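To start, the structure under review is shown below, and the notes come after it.
No value in this document is a laboratory result; all are computed from the given coordinates. Note that the structure is predicted; figures quoted are calculated from it, not measured. Heads up, the Cβs are rebuilt from the backbone with ideal geometry, glycines too, and the neighbour counts pull from every protein chain shown.
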Amino acid sequence: MITVLLAEDQGMMRGALALLLGMEEDIEVVAQVSSGDEVVPAALAARPDVALLDIEMPGRSGLDVAAELRDRLPSCKVLILTTFGRPGYLRRAMEAGARGFLVKDGPVEELAGAIRRVLRGELVVDPELAAAALSAGPNPLTEREREVLAAAADGATVADIAARLHLSESTVRNYLSSSIGKTGTRNRIEAARVARHNGWL
């Protein structure tokens, strides 16, 4: 029996996935959580074979959690299931140790098959997304540029960002300027939009 942890913040979607996967003879959902913060404790308690993670959840993102699961529970394979098929997300998921990446609008048979395949050691990636990721190229932003741009995305002032990230205002301006240049945009709002669209934030 393949045991699965399901992390999805939308209750109806989580319930539907649990029900559909439970109909498979060889799959059992042993834990369900609705936020990123709950994933690692639940996984350490239930020790599932596969963790099925959404990316955008309250608390921590599925991408952050995937890396911690890889380190703390290496026997658990991570499969990312997301509404947002963004090329940068795929690259970050693979860097975090995920073994699969699927978008939610696929058929449930495909999901059950993907769970079995990642458990066998295969890498399972949505083919259209794989092609898009290859054509999009790597994330041009450094870790620090990503942090500053993410902090700027909600309209925070340079002073606010500097205080939040413990940086000087001139350093924040430099990071924002380089982010704008790398994304080929005119201002930080556009830069954040482009970076988010590509899954770089």
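What the table shows:
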read-out: Cα pair count fraction exceeding 18 Å, expressed as % - segment 8-62; value: 30
read-out: Residue-averaged [θ]222 nm for the chain, counting only DSSP H segments that reach four residues, each worth -39500 (n - 2.57); value: -16000 deg cm²/dmol
read-out: Gyration tensor (Cα) of segment 1-40, equivalent ellipsoid semi-axes in angstrom; value: 18, 12, 4
read-out: Alpha carbon Rg of segment 88-201, scaled by the compact-globule rule 2.2 N^0.38 Å; value: 1.31
read-out: Cβ-placed point charges (K, R +1; D, E -1), dipole of the chain about Cα centre in debye, nearest 20; value: 760
read-out: Dipole magnitude (debye, nearest 20) for segment 1-102, charges at Cβ of Lys, Arg, Asp, Glu; value: 360
read-out: Length released on extending from Asp37 to Arg144, taking residue separation times 0.36 nm less the Cα-Cα span; value: 36.2 nm
read-out: Separation between Cα centres of segment 171-188 and segment 80-109, rounded to whole Å; value: 28
read-out: Cα coordinate range in the chain, projected on the principal axes (Å, largest first); value: 58, 34, 30
read-out: Local net charge near Asn174, Cβ-Cβ under 12 Å (Lys/Arg +1, Asp/Glu -1); value: 0
read-out: Contour excess over end-to-end distance, with Cα ends at Ser170 and Leu19 and 0.36 nm allotted per residue; value: 49.1 nm
read-out: Percentage relative contact order, the chain, counting C-alpha pairs under 8 Å, at least six apart; value: 15
read-out: Qualifying trypsin sites (Lys or Arg not before Pro) for segment 69-125 [loop in DSSP, other Cβ within 10 Å: at most 13]; value: Arg120
read-out: Virtual spin-label span in nm between Ala130 and Thr3, 7 Å along Cα→Cβ; value: 3.0
